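Before any comments, here is the structure.
The values are calculated or read from the model by the stated rules, or taken from the named source; none is laboratory data. This one's a predicted model, so the numbers in the text were calculated from it and none came from an experiment. For neighbour counting, all protein chains shown are included, and Cβ atoms are generated from backbone atoms with ideal geometry for every residue, glycine included.
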Amino acid sequence: MLQALTRFFRRGSDESQLELTFQSAAPANAEQLLARLTTLGLKRISRVRLTRNRNVMVSFGAGVMRVHEGYLSAPEPVLRAIVCFVEGRTRADRRAAQRVIVTHPIVTKAPKERRERTHTDDAGMSEQLTEWHARYNTRHFHGRLKPVAMRVSRRMKSRLGHYSAAIAGGDVAEIAISRSHIRRHGWPEALHTLLHEMVHQWQDETGHTIDHGSTFRAKCREVGIAPYARRVLATRPGRAAGAQTLGRLAAREG
Ligand SMILES: [Zn+2]
């Protein structure tokens, strides 16, 4: 698109081409992105690191911001939203910014991480979870949730489960439940986690931000599960207080 535009202008006056190049030159690396965001009002961040972790779009804490590399090409309103996500004075400002940030489609050149598959021995558990997904869908969501890929995870140790949104041209949406959670805490708890993740699925499919905010809590009360999350959206355990992450992955942790 940009190339085509540039070529078009090259036939015209040099001046307009220069102007266009100046206006649309996308930052090429972390330093340039930081410089750009600083001109848009970013103050609290002194270092930007680019990430390819498809589950994290923007996270920050202690003066460092991690941004998915796909945001190098983001248009100005999205870059401004990133600044607001960090600097926003009110919760409402930051939430509005989140909604803008997630509209930017992430296209990554990184090789696709291979998703873990359910171990053959756990196929029975996975089938049961799929049956419960259908049952809960009818009972609590008017049957409107889409069928979702279900995985029993042997890798998941500290997390109990997660919902992972689909990626355009990539992975389908999935719910994963930790195998050790099922074994340690039993089916009633595992089904509670399943329903928690289904509320995230509902958020995703109805255009809400995937988080543990007021919409999430209201829906939890409606479906009859505890409206709290023991874990902040996609942050890592041990992160500095005040650190925030905007991710695609919602997880529940025990
Ligand atoms: Zn959650």
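Quick look at the values:
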read-out: Checking MET57 against (1) within 20 Å of ASP204 (Cα to Cα); (2) without any contact (Cβ under 8 Å) to a residue 40 or more places away in the chain, the condition it does not meet; value: (2)
read-out: Number of positions in the range 157-184 that are within 18 Å of the chain's Cα centre (by Cα) and over 18 Å from TRP132 (Cβ atoms); value: 10
read-out: Given (1) polar (S, T, N, Q); (2) surrounded by 15 or more Cβ atoms within 10 Å (Cβ to Cβ); (3) assigned by TED's automatic domain parsing to the domain that holds ALA25, number of the condition THR90 does not satisfy; value: (2)
read-out: Enumeration of residues in the range 203-219 that are within 12 Å of the ligand (Cβ to nearest atom), hydrophobic (A, V, I, L, M, F, W, C) and assigned to a helix (DSSP H, G or I); value: PHE216
read-out: Condition met for LEU191 (over 19 Å from ILE210 (Cβ atoms), outside the structural domain of TYR71 (by TED's automatic domain parsing), within 16 Å of the ligand (Cβ to nearest atom) and surrounded by 13 or more Cβ atoms within 10 Å (Cβ to Cβ)); value: yes
read-out: Some residue of the range 155-162 being more than 16 Å from the ligand (Cβ to nearest atom), under 27 Å from ALA218 (Cα atoms) and assigned by TED's automatic domain parsing to the domain that holds ILE225; value: no
read-out: Subset of the range 79-110 (residues that are under 17 Å from the mean Cα position of the chain (by Cα), within 16 Å of ALA30 (Cα to Cα) and assigned to a helix (DSSP H, G or I)); value: LEU79, ILE82
read-out: From ALA166, ALA96, ALA173, residue being in contact with a strand residue (DSSP E or B) (Cβ under 8 Å, 6 or more places away or on another chain), surrounded by 14 or more Cβ atoms within 10 Å (Cβ to Cβ) and at pLDDT below 95; value: ALA173
read-out: Selection within the range 117-156 - more than 23 Å from the chain's Cα centre (by Cα), over 19 Å from ASP204 (Cα atoms) and in a loop (DSSP other than H, G, I, E, B); value: HIS119
